[in-house]
1. Could you check how many residues of segment 222-236 are open to solvent by 10 Å² or more (accessible area, probe 1.4 Å) and within 11 Å of the ligand (Cβ to nearest atom)?
2. Looking at 59, 88, 63, 77, which is the one that is closer than 30 Å to residue 251 by Cα, open to solvent by 30 Å² or more (accessible area, probe 1.4 Å) and at pLDDT 95 or above?
3. Which residue out of 128, 144 is surrounded by 15 or more Cβ atoms within 10 Å (Cβ to Cβ), away from the ligand (no atom under 13 Å from the Cβ) and on the phi < 0 side of the Ramachandran plot?
4. Of the residues that sit in segment 210-221 and are open to solvent by 20 Å² or more (accessible area, probe 1.4 Å) and within 20 Å of residue 174 (Cβ to Cβ), which one is nearest to the ligand (Cβ to nearest atom)?
5. Any chance segment 196-209 includes a residue that's buried (at least 17 other Cβ atoms within 10 Å of the Cβ), away from the ligand (no atom under 16 Å from the Cβ) and under 14 Å from the mean Cα position of the chain (by Cα)?
6. Could you pull out the residue among 192, 246 that is surrounded by fewer than 23 Cβ atoms within 10 Å (Cβ to Cβ), of a type outside the set (Gly, Ala, Ser) and over 28 Å from residue 138 (Cβ atoms)?
7. Checking the conditions here, which among 158, 119 is open to solvent by 10 Å² or more (accessible area, probe 1.4 Å), away from the ligand (no atom under 16 Å from the Cβ) and more than 16 Å from residue 64 (Cα to Cα)?
8. Specify which of the listed residues (92, 84) is within 17 Å of the chain's Cα centre (by Cα) and more than 16 Å from the ligand (Cβ to nearest atom).
Amino acid sequence: MKRRPLFVGNWKMHTTVLDACHLAADIAKTCGGLQDRDVLVAPPFTALNQVAHIVAETGILVGAQNVCWEAQGAFTGEISPLMVLDAGGAAVIVGHSERRRIFYEDNVLINKRLRGALAFGLIPILCVGETLAERESGQTFTVVEEQVREGLAGVEAADMADTILAYEPVWAIGTGQTATKEQAQDVHAFIRSLIAEIYEKDIADKVRILYGGSVKPDNIDALMVQKDIDGALVGGAALNAESFGRIIHFQGI
Ligand code: 13P
């Protein structure tokens, strides 16, 4: 089953508004208007609106890096799904390992964020992945299974058409140490089989599962050949239009 490739640039806590505008304009030049793949950029909240304006006519989507589940209220420091939509966002990353590890977000909280995104019509990108200690002690599949099951708790089958998963092994993020294509494929196939178990095979066949963790121009081609890898969630290499562009224009479609 062929799924439409998707490439997401997670800008994390980088770029001033001006830097973000320049980066968005450069990405729009090389990666706008593509018919056979999707491109999404996730700038910091402060630049979301301006970036959305810059890529408005290019088909490039814009997403936030986190979201609250309430429309408004006394939630200091949070951004509501309505605010993300209002700023021009269409999607949101939830459960990134940096949120889990540094800000102690757990599966219950992440599930609330994900369901909140869906309730307001934002596309959630649910990140899962094991730490090095978990991999070395043979717990990769247990940890990923728990993150997927608890992250998707209460999500209706109909909402899975709008939900994206991302496997990001924590030990591969920002380290230059990508998972091998076999390691990534094994976990992707496992996640897909889990989705088939929780929902049904047809949903599992359609859901897009991205790989993230030191994705670079020189390793994307091998990753994209894998049967269950449908695109990439890119950190560092997405901060440069040339390298992000090369990743998006991977060889071998
Ligand atoms: P790097 O591509 O910098 O390893 O980051 C991956 C990531 O965390 C994307 O969400």
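The values are calculated or read from the model by the stated rules, or taken from the named source; none is laboratory data. Source: prediction; values computed, not measured. Cβ placement follows ideal geometry from the backbone for every residue including glycine, while neighbour counts extend to all protein chains displayed. Each accessible area value is taken on the protein alone, full model and side chains, heavy atoms only, with ligands, DNA and RNA left out. Shrake-Rupley method; radii C 1.70, N 1.55, O 1.52, S 1.80 Å.
1. So the count comes out to 2.
2. On the way: 88 fails: closer than 30 Å to residue 251 by Cα; 63 fails: open to solvent by 30 Å² or more (accessible area, probe 1.4 Å); 77 fails: closer than 30 Å to residue 251 by Cα.
Answer to the selection: 59.
3. Values: 128 fails: away from the ligand (no atom under 13 Å from the Cβ).
Only one candidate qualifies: 144.
4. To start, the set of residues in segment 210-221 that are open to solvent by 20 Å² or more (accessible area, probe 1.4 Å) comprises 216-219, 221.
After this cut, where a residue has to be within 20 Å of residue 174 (Cβ to Cβ) as well, the list is 216-219.
Details: 216: 8, 217: 12, 218: 13, 219: 10 Å.
Taking the candidates together, the pick is 216.
5. Among the residues of segment 196-209, at least one is buried (at least 17 other Cβ atoms within 10 Å of the Cβ), away from the ligand (no atom under 16 Å from the Cβ) and under 14 Å from the mean Cα position of the chain (by Cα), which makes the answer yes.
6. On the way: 192 fails: over 28 Å from residue 138 (Cβ atoms).
None of the other options fit; the residue is 246.
7. Details: 119 fails: more than 16 Å from residue 64 (Cα to Cα).
Selected residue: 158, the only one of 158, 119 that is open to solvent by 10 Å² or more (accessible area, probe 1.4 Å), away from the ligand (no atom under 16 Å from the Cβ) and more than 16 Å from residue 64 (Cα to Cα).
8. Working: 92 fails: more than 16 Å from the ligand (Cβ to nearest atom).
It is 84.
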